[in-house]
Amino acid sequence: MTGWSNPWLAAKRLFHQATIGDQNYRFLFRPGPPDEVVAIDCETTGLDVAHDEIITIAAIRIRGSRILASERFEALVRPDVRIAPEAIKVHHLLESEAKAGALIYHVLPDLLRFIGGRPLVGYYLEFDIAMLNKAVLGFIGVELPNKRIEVSRLYHERKYGDAPPGTVVDLSFAAMLADLGIPRLSQHDAVNDALMTAMAYVALRDLKRRGARIPRPRMKAPLQPGGV
């Protein structure tokens, strides 16, 4: 989790709070409801943060151990750049479908109000945040100030936190879902990815609360000289 104990991050947050361009969005700096977070996912035209843009956004609130799937946010966004062929193979969204979406600046007001000051949860969240911040910065003058919770880090802690040197680490989404017993929905759909991320977060949070770890396959002992 990215908190504000880091002096640089704390200073950056204070600077953004003081320099926010649209005062109507100061609520982003106020804590959200107790024990609530938001799982978020974006699908994009490609993987180049500088060039590519968002096509779909999904966000799902989590209250304690309850996933509030009925209180979700989802939006189709019309990008200003072409969708890379490689990206279409991943999320199956065509240019013609994306053109039916709303402009990102029409989507942001509802998204920001949905998120509020709640921490954001995601799988390799930094990419999604970077893509969102391109638009948010131009819209309200500052980047998203929300705390961030990376589920791959929580997963690493529960499975590999006590692993001996040389352990092979697999932080793939598929491995995490399998270990946590979470059904695999159709991936690279923003709503499904946000929902699976939410389920992973709740499961990992419960494991941590109970002090439980995810079992790892035992490493085979190396053969001794002369052994068979």
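The values are calculated or read from the model by the stated rules, or taken from the named source; none is laboratory data. The structure displayed is predicted, hence computed values, not measured ones. Cβ atoms come from the backbone with ideal geometry, glycine included; neighbour counts cover every protein chain shown.
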Pairs returned, first residue in segment 107-132 that is surrounded by fewer than 16 Cβ atoms within 10 Å (Cβ to Cβ), second residue that is modelled with pLDDT of 95 or more and hydroxyl-bearing (Ser, Thr, Tyr), beta-carbon separation under 7 angstrom, 6 or more apart or interchain, are 124/152
Taking segment 138-158 on its own, how many of its residues are under 19 Å from residue 43 (Cα atoms), of a type in the set (A, V, I, L, M, F, W, C) and in a helix (DSSP H, G or I)?
-> 1
Give me the pairs, please: first residue somewhere in segment 149-161 and in contact (Cβ under 8 Å) with a residue 40 or more places away in the chain, second residue anywhere and of a type in the set (S, T, N, Q) and assigned to a helix (DSSP H, G or I), beta-carbon distance under 8 Å, and either six or more positions apart or on two chains.
-> 151/197
Which ones in segment 172-206 are over 18 Å from residue 39 (Cα atoms) and either touching a Phe, Trp or Tyr at 6+ places or on another chain (Cβ under 6 Å) or part of a helix (DSSP H, G or I) (or both)?
-> 175, 178, 179
Read through the list (1) touching a Ser or Thr at 6+ places or on another chain (Cβ under 6 Å); (2) at pLDDT 95 or above, then give the number of the only condition that residue 83 fails.
-> (2)
Number of positions in segment 192-227 that are hydrophobic (A, V, I, L, M, F, W, C) and at pLDDT below 95 | 3
Selected residue (only one of 157, 143 is among the charged types (D, E, K, R) and either in contact with a His (Cβ under 6 Å, 6 or more places away or on another chain) or modelled with pLDDT of 95 or more (or both)) = 157
Can you work out which of the residues in segment 192-215 that are surrounded by 12 or more Cβ atoms within 10 Å (Cβ to Cβ) and either touching a Lys or Arg at 6+ places or on another chain (Cβ under 7 Å) or charged (D, E, K, R) (or both) is nearest to residue 60 (Cα to Cα)?
-> 193
